[in-house]
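The values are calculated or read from the model by the stated rules, or taken from the named source; none is laboratory data. If you're wondering where the values come from, they're calculated on a predicted model, not measured in any experiment. Note that we place each Cβ from the backbone using ideal geometry, even for glycine, and neighbour counts take in every protein chain shown. Quick note on the areas: whole protein, heavy atoms, side chains included, nothing else; ligands and nucleic acids left out. Shrake-Rupley method; radii C 1.70, N 1.55, O 1.52, S 1.80 Å.
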There are 2 protein chains.
Amino acid sequence: MKSETRQEEIIRVAAKLFKKKGYSAVTMRDLAKEMGMKAASLYNHINSKQELLNSIILSIAEQFTEEMSNIKNSNSPTAQKLTDIVELHIKLASENTYGMASLNNDWMHLGDQLQHYLTLRNGYEDDFRDIIKKGIENKEIVNENPEIILFSMLTTLRSLYLWIPKKENLDINSLSKSLSQILIQGIDA
Amino acid sequence: MKSETRQEEIIRVAAKLFKKKGYSAVTMRDLAKEMGMKAASLYNHINSKQELLNSIILSIAEQFTEEMSNIKNSNSPTAQKLTDIVELHIKLASENTYGMASLNNDWMHLGDQLQHYLTLRNGYEDDFRDIIKKGIENKEIVNENPEIILFSMLTTLRSLYLWIPKKENLDINSLSKSLSQILIQGIDA
DNA sequence: TTGCTAGACTAACAAGTGTTAGTTAAAGAT
DNA sequence: ATCTTTAACTAACACTTGTTAGTCTAGCAA
C-alpha cells in the first residue's frame, strides 16, 4: 500500500480537529501545531482552509452517492436493500469517523461546492425514500409514513460516526446485523 | 402572558443564528445586525457571547434531566416509559428547535459550564440505559445489545430538531404515536 | 422644569484570523 | 561539484474578532 503523502496527512489531521471543535473553531495555527509545523508551512501542501473542508466532505459524499446507486438498481428485496444501506453507512463511518463529522455538521461552510454537495445529498435521500415507498407498496414493510421511517433510519445512520469510535474491537458484521435487526424488526419482545 | 424582554429576544435570535452556522461562525456583529442594532449595544443586555451559549444549552439540558427523572421514577411498563421519552423529546424539540441545535452541535464550546452539562447528559443517558436494561430483564423488550438500542433511539430523538421544522402543521400527538410505533415495533410488515 | 435611567450610538483596543512573500537548509538529480 | 526541488522557516499583511469606554437622546418620575 502506498504510504500517505504529506497533503493527505494534513487533510486527515484537519478532519480530526474539525470533528472535535467544528470547522470554524479550528484555526490554521491549531492545525499547524498538530502537524508539528508553522501555519505558513501548510501552504506548501494545500491551497486554503476552505479546500480542506471541500475535499473532506465531497470525497465521502461521492462514495455514498455511488454505492447508493448500486443498491437502488439491484433487484434485492426491500429488507435486503435496507440492510445494505445500513452496512454502507457502517462501512464508511468506520473508515472515516472524522470526515463524517464534517459532512454532518459543517456542510454549510462549504464554499463554491455547497450546491454540488446539496445535489448529491438530495439525490441520496430521494433514492432512500424511493426504496422505502416501493417497500410499502409491495407490502414488504409496514404502512407507516415513509417520511418518518426515512427520518428515523437516516438520522441513526448519520450518527454512527459518533458511536463507532467508542466501541473498541468493533465487529462490523455483527453490528450491521444487530442494527438492521433493530431498525427493521423493532425492539418489542 | 408576559411579553419577551429584550434580553430574551437576543437569546432567541442568537440561538437561531447558532443553528444556521454554528456558534463559532456567528459573530456578535452578525447577531447585532439581525437584531437591528450595533454590536456594542448588545452588551447593554447581555454579558458575553459565551453566556448566550451557556444559557441556551443549559436551560434545555435541565428540562431534560428533570422530566427524565419523572419518567424513570414512574411505575409504567417499559414500553410506556419509552413512549414517554419519545414524547418528551418531541415536545422540547418543537418548543425550541433552535436551542436544540446548539445543545447537539456546540456543547463543546461551553466554557465553565461544560462539566456541569456533561454531568447532566451522562445522568440522562444512564437513566435511559437503565430503563432499557430493566425492560430486557423483564422480557418486555427484545434481548438485543442495550447499547445499540440506546444509540439508535437516542440519535433519532436528538435529530428531531432538524426534522420537525420541515413539517408544517405538525401534530405532536400523531407524530409521537407514529415514531414510538416505528422505534418500538419496527417497520417489518 | 429638572434629573435619572434605559438603551441606543461611535470609537477604539488588543488579540487572533487566513494568507502571502521571501528566505534557507537539506536531499536528490545531473 | 553544481543545480534544482522540497518543505520548512520568519515576518508581515489586511481584516475580523469579542469587548470596553464614553457619549447622546428620548421618556419617565419628582
- Query: Computed on protein heavy atoms with a 1.4 Å probe, what is the summed buried accessible area for the chain pair A and B, in Å² to the nearest 100?
  - Reply: 3300
- With a 1.4 Å probe and every protein chain left in place, tell me how much accessible area B:Arg12 has, in Å² to the nearest 10. 120
- Message: Run the count for the range A:104-189, please: Lys pairs, Cα-Cα under 29 angstrom, 8 or more apart or on different chains.
- Response: 5
- Message: Given a 1.4 Å probe and heavy atoms of the protein chains only, how would you sort A:Ser102, A:Ser174, largest accessible area at the top?
- Response: A:Ser174, A:Ser102
- Message: Given contacts defined as C-alpha pairs under 8 Å and at least six residues apart, what's the relative contact order of the range A:51-108, whole-number percent?
- Response: 57
- Query: Round to a whole number: what % of the accessible area of the range B:49-185 belongs to carbon and sulfur, probe 1.4 Å?
  - Reply: 45
- Note on the structure: Largest-first semi-axes in Å of the equivalent ellipsoid built from the Cα gyration tensor of chain B are 35, 18, 14
- Distance from the range B:80-130 to the range A:155-186 (C-alpha centre basis), Å: 21
- Task: Give me the Debye-computed log₁₀ of I(q)/I(0) at q = 0.07, 0.12, 0.14 Å⁻¹ for the protein assembly as shown, equal point scatterers on Cα only, no solvent, two decimals.
- Result: -0.34, -1.03, -1.36
- Whole number in Å², please: accessible area per residue of the protein assembly as shown, 1.4 Å probe, ligands, DNA and RNA not counted. 51
- Query: For chain A, what is the charge dipole size about the Cα centre, in debye to the nearest 20, if Lys and Arg each add +1 at the Cβ and Asp and Glu each add -1 at the Cβ?
  - Reply: 700
- In the protein assembly as shown, taking the dipole from +1 charges on Lys and Arg beta carbons and -1 charges on Asp and Glu beta carbons about the Cα centre, the listed residue (A:Leu88, A:Ile131, A:Leu52) farthest towards the positive end is A:Leu52
- Over chain A, relative contact order from alpha-carbon pairs under 8 Å, at least 6 apart, %: 26
- Message: What does the net charge come to around B:Asp106 if you take all other residues with beta carbon closer than 11 Å to its beta carbon, with K and R at +1 and D and E at -1?
- Response: +3
- Per the helix-only calculation at 222 nm, which mean residue ellipticity applies to the protein assembly as shown, given -39500 (n - 2.57) for every DSSP H run of n ≥ 4 and division by its residues, nearest 500 deg cm²/dmol? -23000 deg cm²/dmol
- Message: Taking the rotation axis that maps chain A onto chain B, which residue of A brings its Cβ closest to that axis, and at what distance in whole Å?
- Response: A:Gly186, 1
- Message: As I understand it, the dipole of the range B:1-40 uses +1 on the Cβ of Lys and Arg and -1 on the Cβ of Asp and Glu, about the Cα centre. Which of B:Ser3, B:Ala40, B:Met28 lies farthest toward its positive end?
- Response: B:Met28
